[in-house]
Amino acid sequence: MIENLILTIFHFFRGLGITGMFLSMFTENIGIPLPTEIGYLVGQELVNLGKYHYWLILLVTTAGHVGGSLVSYGLGRWGDSAVSRKIRQQKRIIKVHERLSKWYQKYGNLTIFLTRFVGYVRPWSSYVAGFAGVRFWPFFIYTLIGSIIFNIFNLYFANVFILIWRRYVILHLLIVSVIGLIFFAFIIYELLKGLLDRFRSGV
């Protein structure tokens, strides 16, 4: 069942083509837990099929990362809605802010670059940078450079994965099952953690 759901999600984004690839990157970078690996697999497959040039795929994946990050940054920096205030009160955001504050003290603006490579921090780091008052241009430049490098590595590993997938058909069920278990274990963990935090706070 899990493997069928993972394949369904993959085929959905693959059906959207280059747009689906962009959306998967954009969505993850505004804080919605969607595995960007799907987008990289779609993008690299489009390259392998000769439908798009590698550099265009790199450009679109980078645009998705940077675009989502800028939206999150803008909400944190200038957003003053009830939703924005609610987000700032979330324990996850508070913890990320505390951790990033230490990184900023130690590494300065280089922290923006480093967070591109830290999965559990990346989706929220842009929002935190926004309401922490990080200047726009350093944020944009470091996010852009970090995203380009991050995408180059991930497209490479996506290509390796595709080669393994095609060569070892017997491993398909095992590979998809492992990916599915990791993804849904993370989702379930986050849901349970959220419920536990609400229970402790008496909400």
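Read the figures in this text as sums done on the coordinates, not as results from a lab. Values in this document were obtained by computation on a predicted structure and should not be read as measured data. All Cβ positions, glycine included, derive from the backbone under ideal geometry; neighbour counts span all protein chains shown.
With K and R counted +1 and D and E -1, the other residues having a Cβ less than 12 Å from that of residue 161 yield a net charge of 0.
Any idea how many Lys pairs in segment 17-167 come in under 26 angstrom at the alpha carbon, given 8 or more places apart or on separate chains? Going through segment 17-167 pair by pair, I get 5. Using R0 = 30 Å, the C-beta based FRET efficiency linking residue 19 and residue 107 works out to 0.25.
Where Lys and Arg each count +1 and Asp and Glu each count -1, what net charge lies around residue 111 among other residues with Cβ under 11 Å from its Cβ? After counting each charged neighbour, the total is +4. The phi-based Karplus calculation (6.51 cos²θ - 1.76 cosθ + 1.60; θ = phi - 60°) puts the 3J(HN,Hα) values of segment 32-38 at 8, x, 10, x, 5, 4, 4 Hz, whole numbers, x for Gly and Pro.
Normalising the average separation of contacting C-alpha pairs (under 8 angstrom, six or more residues apart) by the number of residues puts the relative contact order of segment 17-167 at 31 percent.
With a/c under 1.5 counting as rounded, go ahead and sort segment 17-167 into rounded, prolate or oblate using the C-alpha gyration tensor (a ≥ b ≥ c being the square roots of the eigenvalues; past the cut-off, prolate if a/b is larger than b/c, else oblate). Since a/c reaches 1.5 and a/b is larger than b/c, the shape of segment 17-167 is classed as prolate. Modelled spin-label separation between residue 132 and residue 153, with each label point placed 7 Å from Cα along the Cα-to-Cβ direction: 2.0 nm.
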